[in-house]
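*Asks:* Next up is a structure, given as structure tokens.
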Amino acid sequence: MTSHLNDRFHRDPVQIQMSSCYPARLPRGTTIYSSIDACTYTLYCGWASASESDQSMSQGTLYIVSAPSGAGKSSLISALLNDNPRYDMKVSVSHTTRAMRPGEEDGVHYHFVSVEEFQSLIAQEAFLEHAQVFGNYYGTSRVWIEKMLNNGVDIFLDIDWQGAEQIRQQMPNSKSIFILPPSREELERRLTTRGQDSEEVIAQRMQEARSEISHYANYDYLIINDDFDVALMDIKAIIRAERMAQAKQASKYHAMIDELLAD
């Protein structure tokens, strides 16, 4: 499995430089009570059914997913990949200038490039978004995302609130999901028990969480991380409902509909 790993959006606010199911028509701010566990991913999911693949391809949906570090995305995404037979899901590979870590593979975990190569890609407007995090660059391929969307593939982009605002400006038809922990105490417990950070880093994460959470109202869907199974059901419901929107279904099955309406 390829991944858009969790160090990417654990951001120092000073160092960030950004570039440019439930009913689908639930109002902005609709709250869904659910659960998960944490990481950073970009994944795309398309219909896997052979009978559906024979139909006309409709435009895919870009899903923006944000949450404070430790709120719990990685377990949800992994379960979504493993448990949902309706979708063909994969994790995309981002570009980064940071050094490769033990066990990582180029083209699997990231596309590892030099600073010069990354800056050249920026100049070519190759990224839908990019950021500088703790001195390293990270970017999501614009060409890849646009190609997937045009092929009817849904894309999940896990990004912080600042990146989300930039993405909305470029892709106003995107849908956004914010994930909350059930309490600050539970968030701190998760950050502590996962054993990845020092006490100093955990304190920084908790401080950053308050800032991130303050932007929840800008998102279309709100999932409360309290019960894993409910969370998994909720995220599937969101994807399913968006796929069942009238415009997308009409585009996808227009030949069948024309036949049904024929004299």
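*Asks:* May I ask you to derive the relative contact order of segment 88-237, considering only C-alpha pairs under 8 Å and at least 6 residues apart, and to give it as an integer percent? Please list the in-between numbers first.
*Replies:* Details: 133 pairs, mean separation 25.8, N = 150.
Once normalised by length, the contact order is 17 percent.
*Asks:* Tell me which of 261, 169, 137 sits at the most positive position along the dipole axis of segment 135-263, charges placed on C-beta atoms (Lys, Arg +1; Asp, Glu -1).
*Replies:* 261
*Asks:* Sequence neighbours fewer than 8 away in the same chain don't count; with that in mind, list the lysines whose C-alpha is under 17 Å from residue 73.
*Replies:* Cα-Cα hits under 17 Å: 90, 175, 236.
*Asks:* If you count, for each residue, the other Cβ atoms within 10 Å and average over each peptide, how do 99-108, 234-243 line up from highest to lowest?
*Replies:* The densest-packed peptide leads the list: 234-243, 99-108.
No value in this document is a laboratory result; all are computed from the given coordinates. Everything numeric in this text was worked out from a predicted model, so none of it was measured. Here the Cβ is made from the backbone with ideal geometry for all residues, glycine too, and neighbour counts use every protein chain on show.
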